[in-house]
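Worksheet: the structure to be examined is printed underneath.
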Amino acid sequence: MPAERFLGEPGRLDAVLTRLAGLSRADVQRAIASGRVTVDGVVRPKSFALLGGEVLEIEIDDEEPLQPEGPPVPVRFEDEHLLVIAKPPGLITHPTERRRSGTLVNRLLGMDVPLSSAGGPFRPGIVHRLDAGTSGLMIVAKTDEAHEALVAMFRRHDVDRRYLALVRGSVEHASFAVDAALGRHAARVVLDATGGRPAETRFEVRERPGSLTLLDAAPRTGRTHQIRVHLSSIGHPILGDRVYGGAGDDARRLGLTRPFLHSWRIAFTHPITGERIEREEPLPDDLASALAKARSANRAPARHRDLQP
């Protein structure tokens with residue numbers, strides 16, 4: 001069972017190792033519980049407080065190799081350093097210790113392209129993530145050099161990412177920002193002003209079909225479920241989002257079976273060649289159909305019933 005080493009950062013052991021190792025928090029906690037994680041050579045509990053600078057070691061259970069799968073995902077840009085791909089909805093980004101198939105990584109392996117190894121055994125090529133229910137553009141690293149440079153670019157906010165989100169209600173302001181720290185509570189992400197990590201998203205109104213609003217969202221940080229939680233926190237959940245309040249009759253009428261959230265634009269300066277890369281991805285059929293229904297419902301004349309004396 002191979003082991004990976006990391007330099008500790010201040011915080012809880014399980015939270016820090018989740019960030020550093022690129023594993024799910026559940027995977028990290030299982031590794032800690034089974035004694036496969038050490039801090040300076042000593043097994044510690046998941047709540048152990050790191051000061052920073054400790055040597056963290058985790059044994060990775062990779063006895064079952066990742067298998068290539070199909071079909072291939074659409075490629076919007078490719079050179080010898082990186083890819084820009086369009087992720088279909090329904091795919092989680094990378095495998096975990098318990099789930100080794102049905103992920104974007106499996107699809108990438110099936111395309112027989114080189115992928116960086118810097119992200120660890122479960123995250124070849126992965127420098128950022130989209131939720132399983134989110135579709136759209138992502139960057140994938142083919143080399144470790146590109147991987148490390150892209151991770152640094154995301155940390156510096158040098159990658160411009162834009163999402164389309166259809167939300168419940170008529171948003172008051174044409175443009176606004178939500179700056180609210182996020183943390184985990186059980187299986188959900190919540191606002192956490194005391195112990196959460198900083199998170200900021202900027203929004204602009206695209207249109208207002210009836211009692212709904214189509215927003216352009218530009219996250220300044222990359223926290224899990226960030227856009228979804230920020231919008232839910234201001235009373236405008238993304239339609240179709242069962243976790244954060246977006247399910248209901250309005251979502252069902254539009255035929256939504258997932259959150260209306262799509263990564264439609266990504267722009268960045270190539271970290272190796274210096275080329276400016278800008279790509280846009282239209283709404284997939286299910287979201288395009290939902291938006292068309294929302295617009296149609298807004299244009300339909302109201303029906304009135306004559307009052308009988």
What fraction of the DSSP beta bridges in the chain is antiparallel, stated in percent and rounded to the nearest 5? 95
For all pairs of alpha-carbon atoms in region 1-122, what percent lies in each bin of width 10 Å, listed from the first bin to the last filled one? 13, 39, 27, 18, 3
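Helix-derived [θ] at 222 nm for the chain: sum -39500 (n - 2.57) over DSSP H runs of at least 4, divide by residue count, nearest 500?
The per-residue figure over the chain is -6000 deg cm²/dmol.
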Which value results for Rg/Rh of region 1-46 when Rg is the Cα radius of gyration and Rh the Kirkwood radius based on the inverse mean 1/r? 0.90
Any idea how far apart R99 and R208 come out in nm if each label point goes 7 Å out from Cα toward Cβ? 3.8
21 Å tail of the calculated P(r), region 117-213, as % of Cα pairs: 54
In nm, the gap between the two label points placed 7 Å beyond Cα toward Cβ at D40 and L7 is 1.6
For K293, counting only lysines whose alpha-carbon sits under 26 Å away and dropping same-chain residues fewer than eight positions off, the answer is K87
For region 68-128 and region 157-199, compute the distance between their C-alpha centroids and round to whole Å. 26
Quick one: what does P(r) look like for region 172-260 with 5 Å bins over all Cα pairs, in whole %? 3, 14, 24, 24, 19, 11, 4, 1
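Give the Kirkwood hydrodynamic radius (Å, one decimal) of region 69-143, defined as one over the mean of 1/r across all pairs of different Cα atoms.
Here the Kirkwood hydrodynamic radius works out to 12.1 Å.
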Relative contact order of the chain, defined on C-alpha pairs under 8 angstrom at six or more residues apart (%): 13
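Over all directions, how big on average is the projection of the convex hull of the alpha-carbon atoms in the chain, in square nanometres? Present the calculation step by step, with values, prior to reporting the outcome.
Values: hull surface 76.0 nm².
Over all viewing directions, the chain projects a mean Cα-hull area of 19.0 nm².
Just so you know, all these numbers are worked out from the coordinates, no wet-lab data involved. Because the structure is predicted, anything quoted here is derived from the model rather than measured. Reconstructed Cβ throughout: ideal geometry from the backbone, glycine too, with neighbour counts over all protein chains shown.
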